[in-house]
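Encoded as structure tokens, the structure appears first; notes follow it.
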Amino acid sequence: MKGRDIISIRDLKKEEIELVFSVADSMVDIALGKKESNALEHKILATLFFEPSTRTKMSFESAMLRLGGRCIGFSDIGATSVAKGENLHDTVRVVESYSDAMVIRHPKEGAARYAAEISEKPVINAGDGSGEHPTQTLLDLYTMKKAMGGIAGKNVLLVGDLKYGRTVHSLARALSLFGAGIFLISPRELEMPEEVKKEINIEAEGERIEDHIREADVIYVTRIQKERFPDPAEYAKLSGRYRIDSKLLEMAKKECIVMHPLPRVEEIAYDVDSTEHAWYFREAFNGIPVRMALLSLIMGVVE
Amino acid sequence: MRELKIEAIRNGTVIDHITAGTALKVLSILEVDPEATISLAMNVSSRKYGKKDILKIENMELNEDDVDRIALIAPHATINIIRGGEKVKKFKVELPDTIKGIVRCMNPGCISNVSNEPVERVFYVIDKKTPILKCKYCGREMSEFLDYIL
Ligand SMILES: [Zn+2]
């Protein structure tokens with residue numbers, strides 16, 4: 001995968017995703033700081049964050065540093081030449097000459113694909129307003145695989161905002177590619193769009209978690225975003241709708257895992273944290289070995 | 001109602017079966033020589049499509065590439081090349097697989113609509129009949145083009 005751009009999860013074949021996972025497995029001890037590595041020594045990763053996403057940026061930086069590489073970049077465009085009117089095209093042309101690969105987050109849809117066209121060096125999309133955030137999708141799949149031993153035939157409940165929360169669309173497609181059964185749980189107002197539905201394996205659709213929690217192997221909870229609702233009362237009504245707590249989880253299988261891309265607001269009660277169901281922090285950690293694997297593969301230090 | 005006869009031209013191009021009401025837009029897309037003699041008939045009765053527009057451009061022969069540009073707004077158009085009063089060639093418009101620089105993306109949040117980026121507007125034609133285009137950058141699918149022709 002040397003030199004490859006990672007713009008959409010759909011650009012990756014199933015075998016390539018599996019390769020990322022097997023390399024990630026070999027990175028876990030390094031990610032935990034138990035083992036040292038200099039695999040990316042002398043390599044520089046540029047992180048271009050045209051809108052802030054501190055967590056994602058730190059995760060890439062940690063992955064790079066764990067492998068002995070270095071990072072340059074920005075997450076506040078106020079201090080950059082972008083503030084002086086430089087366009088994305090020129091920024092990418094300049095930054096590619098400073099680095100071996102770049103990670104980009106940008107508010108405009110399609111910005112990452114555009115950057116990849118401009119740059120000779122590999123580009124990773126860390127969210128570009130189009131709902132594509134392939135490293136998040138990879139780490140979600142990787143987490144499910146680790147927790148359950150495999151994804152095929154497992155029942156995944158996708159819960160919350162399935163309409164606007166577009167990274168969940170990419171995840172649903174990828175889950176279908178791996179043979180999972182999908183249960184869509186959302187308020188009517190936030191249903192998954194038809195064009196996504198027709199591409200995925202839907203087992204059931206509904207508004208209540210309780211109706212399907214017994215069958216669930218994974219409960220993947222997304223945040224309902226305030227900015228989607230012009231009417232605050234409407235938001236208040238929907239946002240509290242899906243609150244997972246340890247009481248509710250008594251209905252679930254013992255091995256059922258709860259995932260959340262974080263940050264959570266009130267979707268998951270703190271009393272879940274101490275249960276065996278809580279996988280969201282492990283999910284966040286898994287972002288490190290997955291990104292380490294991806295960086296090693298696209299920079300050509302692992303085949 | 002009797003179908004309107006297009007007055008014959010001796011040399012040039014006749015574009016028939018243009019979607020009713022879009023002939024002026026078609027004309028603007030084709031970038032015809034401003035000196036050319038052009039006649040235009042709008043909302044003519046058509047057996048096949050109810051109403052249609054017809055455009056005649058004298059002393060100018062359009063080629064297939066030119067006319068593919070109009071396929072988005074006049075998908076049923078037929079082109080007749082006339083020489084010495086004879087129809088020497090007739091073809092239908094057909095969309096290419098990729099369209100560049102003709103329409104802009106309807107998604108205001110798309111990178112291709114950022115004015116200071118030197119980005120070429122590229123669309124994949126995912127359905128030639130309807131037609132439906134998909135933006136290369138943001139992935140938005142479009143089936144209405146009239147307001148988005150560049
Ligand atoms: Zn677009």
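A short reminder: the numbers here are calculations on the coordinates, not readings from a lab. Bear in mind the structure is a predicted one, so any value in this text is a computation, not a measurement. Please note: Cβ atoms are built from the backbone with ideal geometry, for glycine as well, and neighbour counts cover all protein chains shown.
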Which residues does a label at B:Lys87 reach in region B:8-36, if reach means a backbone N under 18 Å from a point 7 Å past the Cα toward the Cβ?
B:8-19
Points 7 angstrom from Cα along the Cβ direction at B:Val114 and A:Glu189: gap in nanometres?
3.2 nm
Can you list which of the GluC sites (Glu not before Pro) found in region B:28-103 are DSSP loop residues with at most 15 other C-beta atoms within 10 Å?
B:Glu31, B:Glu35, B:Glu61, B:Glu94
Under 10 Å, Cα contacts only: if you run a Gaussian network model on chain B, which one of B:Asp16, B:Asp53, B:Asp97 comes out with the highest mean-square fluctuation?
B:Asp97
What order do you get for A:Arg291, A:Arg223, A:Arg208 when you list them from fewest to most C-beta neighbours inside 10 Å?
A:Arg208, A:Arg223, A:Arg291
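Using the Cα gyration tensor of the protein assembly as shown, with a ≥ b ≥ c the square roots of its eigenvalues, what is the shape: rounded (a/c below 1.5), prolate (a/b larger than b/c) or oblate (neither)? Present the calculation step by step, with values, prior to reporting the outcome.
Details: a/c = 2.72, a/b = 1.81, b/c = 1.51.
It comes out prolate by the Cα gyration axes.
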Considering only DSSP beta bridges whose two residues both sit in chain A, what percent are antiparallel, to the nearest 5?
0 percent
For a label point 7 angstrom out from the Cα of A:Glu199 toward its Cβ, which stretches of region B:119-149 have the backbone nitrogen within less than 14 Å?
B:126, B:134-142
Reference-scaled alpha-carbon Rg (2.2 N^0.38 Å with N residues) for region A:134-283
0.96
Cα axis of helix A:14-31 to longest principal axis of chain A: angle in degrees, 0 to 90, nearest 10?
80 degrees
Given unit charges at Cβ for Lys, Arg (+) and Asp, Glu (-), the dipole magnitude of the protein assembly as shown about its Cα centre in debye, nearest 20, is 640 debye
With chain B reduced to its Cα atoms and the Debye formula applied, log10 I(q)/I(0) at q = 0.14 1/Å amounts to -0.70
At 0.36 nm per residue, minus the direct Cα-Cα distance, what do A:Glu255 and A:Arg208 gain on full extension? Give it in nm, one decimal, please.
14.9 nm
With all pairs of different alpha carbon atoms counted, what Kirkwood hydrodynamic radius in Å does region A:82-135 show?
11.2 Å
Please compute the modelled spin-label separation between A:Arg93 and B:His76, points set 7 Å along Cα→Cβ, answer in nm with one decimal.
4.7 nm
Could you work out which residue, out of A:Phe60, A:Phe50, A:Phe229, moves most in a Gaussian network model of chain A, that is, has the largest mean-square fluctuation with Cα springs under 10 Å?
A:Phe229
Exposure proxy check: A:His169, A:His42 ranked by fewest other beta carbons within 10 Å?
A:His42, A:His169
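Does region B:12-92 come out rounded, prolate or oblate by the C-alpha gyration tensor, with a ≥ b ≥ c the root eigenvalues, rounded set by a/c under 1.5 and, if not, prolate when a/b is larger than b/c and oblate if not?
It comes out rounded by the Cα gyration axes.
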Which of A:Leu171, A:Leu141 has the fewest other C-beta atoms within 10 Å, and how do the rest follow up to the most?
A:Leu141, A:Leu171
In nm, to one decimal, how far is the modelled label at A:Lys2 from the one at A:Met58, with both set 7 Å along Cα→Cβ?
3.5 nm
Calculate, in nm to one decimal, what A:Glu16 and A:Glu36 gain on full extension: separation in residues at 0.36 nm each, minus their alpha carbon distance.
4.6 nm
Do any trypsin sites (Lys or Arg not before Pro) in region A:2-50 lie in a DSSP loop with no more than 12 other beta carbon atoms within 10 Å, and if so, which?
A:Lys2, A:Lys13, A:Lys34, A:Lys35
How many angstrom separate the Cα center of region B:93-118 from the Cα center of region A:241-301?
39 Å
